[in-house]
Amino acid sequence: MADRNSPIGVFDSGVGGLTVVREIMRQMPEERLVYFGDTARVPYGTKSKDTIVRYTRQNIRFLMTQDVKAIVIACNTATAFALEIVEQELKIPVMGVIHAGAKTAVEATRNGKIGIIGTEGTIRSGVYTKMMEEMRDDIEVIGKSCPLFVPLVEEGLLHDSVTDEIASRYLSELKGKFIDTLVLGCTHYPLLRSTVGRVMGPEVTLVNPAYETALELKQVLSESQLLNDTDEPFQDKYHFYVSDLAEKFTNFASSILPDQIKQTKKINIEDF
């Protein structure tokens, strides 16, 4: 049985999972966190299923050395390809970022036309479409891969004319399908929310799975009796690790989580 005062483990291919971490901090400020960003191997979205499963297992093995009580796969591609596999291998709760976003989108749509933007891997997997159609059979789901969004975010080009131009090109196809709800189906994408919202227009509801995932995690921990129950403040509540470029990660992450990241440690993920 996991210790309820142990940290929550979160991993992503790079900085995108910090959008999930930010929401977990807001929803559960008493919880401890260990974050791993696989910055040496980002992006995941262009890689094969076998590779993503191998990466996911390595990332989880590292987080388990940190004595985590639950794991969040804060990467849509890894969720799509590896969640069902690693669920069978772990004795602690593990969850991804797709179910919560899919559920929210199905509840939000008015005309039954839902768009998904994500990496090539996530869109190719069809996991969002499958999940949404199981929830409601009269909806139409249109997926669009946006492979350049992740490198743009990783380079910090959140508000840049290049990003605006690429977003307009990617999203024009979805605008022509008259969707009324759009899922930001990659944890990097909420960092481009203002750009995507401006291109799509106010009539399209944007769904941020990071927020919904934090709420779902809180429910899972409560049902598993794993919510933190101590009133004592922890000295080092949040720990951040990457597989490469620790200083660059810290500088960028500090803009998402001001005052929360004091240091980022680099590890060799191939050791796990």
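The values are calculated or read from the model by the stated rules, or taken from the named source; none is laboratory data. All values reported here derive from a predicted model rather than from experimental measurement. Here Cβ is always computed from backbone atoms with ideal geometry, including for glycine, and neighbour counts include all displayed protein chains. The accessibility values were calculated without ligands, DNA or RNA, using every heavy atom of the protein model including side chains. Shrake-Rupley method; radii C 1.70, N 1.55, O 1.52, S 1.80 Å.
Observations
- Viscosity 0.692 mPa s, temperature 37 °C, Stokes-Einstein D of region 159-232 from Kirkwood C-alpha radius, µm²/s: 227 µm²/s
- 26 Å Cα-Cα threshold exceeded, pairs from K49/K91; K91/K248; K218/K248; K47/K262: K91/K248; K218/K248; K47/K262
- Percentage relative contact order, the chain, counting C-alpha pairs under 8 Å, at least six apart: 27 percent
- Of all accessible heavy-atom area on the chain, the percent that carbon and sulfur account for (1.4 Å): 47 percent
- Here is the tail figure for region 200-254: Cα pairs spaced more than 14 Å apart come to 76 percent of all pairs.
- Charge tally around T104: other residues with Cβ under 12 Å, Lys/Arg +1 each, Asp/Glu -1 each, net -2.
- Both radii come from the Cα set of region 1-154: Rg as radius of gyration, Rh as Kirkwood radius; their ratio Rg/Rh reads 0.97.
- Multiplying the residue separation of L257 and D180 by 0.36 nm and removing their Cα-Cα distance gives an extension gain of 24.7 nm.
- The amide H of V183, built 1.01 Å from its N in the peptide plane, has G115, I116, I117, V207 as neighbours under 5 Å, considering only residues 5 or more places off or on other chains.
- Label zone (N268, point 7 Å along Cα-to-C-beta; backbone nitrogen cut-off 14 Å) within region 234-254: 243-244.
- Calculated mean residue ellipticity at 222 nm for the chain: -13000 deg cm²/dmol, from DSSP H runs with n ≥ 4 weighted as -39500 (n - 2.57), summed, divided by the residue count and rounded to 500.
- Taking amide hydrogens as placed 1.01 Å from N in the peptide plane, the amide H of V242 sits under 5 Å from those of G37, K265, K266, I267, each at least 5 positions away in sequence or on another chain.
- Per residue, in Å², the accessible surface of region 121-272 once ligands and nucleic acids are set aside, probe 1.4 Å: 53 Å²
- Label point 7 Å beyond Cα of S172 along Cβ direction - residues of region 147-166 with amide nitrogen under 16 Å: 162-166
- Span from the region 213-267 Cα centroid across to the region 37-73 one, whole angstrom: 16 Å
- Estimated D of region 99-209 in µm² per second, where Rh is the Kirkwood radius over Cα pairs and Stokes-Einstein applies at 37 °C, 0.692 mPa s: 238 µm²/s
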